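One structure below.
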Amino acid sequence: MGVEKIQIMNKEITIRDMNDNDLSEVSRIVCACYVWLAGQEGYTPEETSRLISERGSAEALISQQRECHFIVAEMDGKLTGIASTSKNIITKLYVDPEYFRKGIGSRLFDAAEKRIANDGYNDIFLGAFPVSAGFYEAKGMELEEKKLTTGGPIKGRMIWLYRKVIARA
Ligand SMILES: CC(C)(COP(=O)(O)OP(=O)(O)OC[C@H]1O[C@@H](n2cnc3c(N)ncnc32)[C@H](O)[C@@H]1OP(=O)(O)O)[C@@H](O)C(=O)NCCC(=O)NCCS
């Protein structure tokens, strides 16, 4: 993507591709969200540390970058949110908990949707933590299935699968 500048609460937010210098900040945001989610979803300390080491650590992110494209939201030189896509799947969408409910997740979602549309796909898929359902439904995603994860750091926990058909002009 190019660089996109938006205004939120009188602040300029830049939405841009992630670069190597962003790695530790991206990891900080993803891990902060896992800790927040653990409280919301009732994950055990073991599940939370698996999420952090297998999905949120710098090492995990470096390996995800082989398959996923990452974008970041930056405000006053600080990262406030991140999103990643792989083909037509939104694989990650995390906002620094200090910045929830200011429209940053929405703008990252829009940028991810635009990338998927530009790549020629007609629909978007994602697996959501149940606590984020309200956000995804506000973004036009439709619930397809509620299922238990069969592997990974939170094996046996509920994940909600969403789909959205991309509207074309
Ligand atoms: C889900 C998440 C990305 C949303 O980002 P955000 O910047 O807080 O969301 P926005 O401010 O852009 O919200 C846009 C709209 O979504 C809806 N929404 C957002 N959070 C919501 C919530 N907790 N409950 C219900 N609706 C919500 C609202 O309609 C909101 O518009 P409004 O604030 O004008 O009412 C963010 O809360 C987050 O990172 N959560 C933790 C990690 C997570 O669950 N990520 C999703 C991975 S599956």
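LYS92 fulfils the conditions (1) within 22 Å of ARG157 (Cα to Cα); (2) touching a residue at least 40 places away in the same chain (Cβ under 8 Å); (3) open to solvent by less than 60 Å² (accessible area, probe 1.4 Å); (4) more than 12 Å from the chain's Cα centre (by Cα) except for a single criterion, (4). Suppose the filter is touching a helix residue (DSSP H, G or I) at 6+ places or on another chain (Cβ under 9 Å), over 12 Å from ILE29 (Cα atoms) and in contact (Cβ under 8 Å) with a residue 60 or more places away in the chain; does ILE71 pass it? Yes: the conditions hold for ILE71.
Within the range 115-167, being touching a residue at least 40 places away in the same chain (Cβ under 8 Å), closer than 17 Å to TYR34 by Cβ and over 18 Å from the mean Cα position of the chain (by Cα) holds for one residue alone: ARG157.
A quick yes/no check of all residues on (1) part of a strand (DSSP E or B); (2) hydroxyl-bearing (Ser, Thr, Tyr); (3) open to solvent by less than 10 Å² (accessible area, probe 1.4 Å):
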position	(1), (2), (3)
GLY2	no, no, no
ILE13	yes, no, yes
VAL30	no, no, yes
TYR34	no, yes, yes
GLU47	no, no, no
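When residues in the range 51-71 are screened for being open to solvent by less than 20 Å² (accessible area, probe 1.4 Å) and part of a helix (DSSP H, G or I), 4 of them pass.
Please work out if ILE159 is within 14 Å of the ligand (Cβ to nearest atom), among the hydrophobic types (A, V, I, L, M, F, W, C), out of contact with any strand residue (DSSP E or B) (no Cβ under 7 Å at 6 or more places or on another chain) and modelled with pLDDT of 95 or more. Lay out the reasoning, then the answer.
Details: within 14 Å of the ligand (Cβ to nearest atom): yes; among the hydrophobic types (A, V, I, L, M, F, W, C): yes; out of contact with any strand residue (DSSP E or B) (no Cβ under 7 Å at 6 or more places or on another chain): no; modelled with pLDDT of 95 or more: yes.
No, not satisfied.
Scanning the range 68-104 for residues that are under 20 Å from GLY127 (Cα atoms), more than 9 Å from the ligand (Cβ to nearest atom) and not β-branched (Val, Ile, Thr) yields CYS68, HIS69, PHE70, SER84, SER86, LYS87, ASN88. Checking each residue in the range 112-147 for being outside any strand (DSSP E or B), surrounded by fewer than 21 Cβ atoms within 10 Å (Cβ to Cβ) and of a type in the set (A, V, I, L, M) picks out ALA117, VAL131, ALA133, ALA138.
Identify, from the list ILE52, ILE29, ILE62, the residue that is out of contact with any Asp or Glu (no Cβ under 8 Å at 6 or more places or on another chain), of a type in the set (Val, Ile, Thr) and more than 20 Å from ILE159 (Cα to Cα).
Numbers: ILE52 fails: more than 20 Å from ILE159 (Cα to Cα); ILE29 fails: out of contact with any Asp or Glu (no Cβ under 8 Å at 6 or more places or on another chain).
Unique residue meeting the criteria: ILE62.
The values are calculated or read from the model by the stated rules, or taken from the named source; none is laboratory data. Fair warning: this is a prediction, and the values are worked out from it, not measured in the lab. In this analysis, Cβ positions are derived from the backbone assuming ideal geometry, glycine residues included, and neighbour counts consider all displayed protein chains. Side chains included, ligands, DNA and RNA excluded: accessible areas come from the protein's heavy atoms. Shrake-Rupley method; radii C 1.70, N 1.55, O 1.52, S 1.80 Å.
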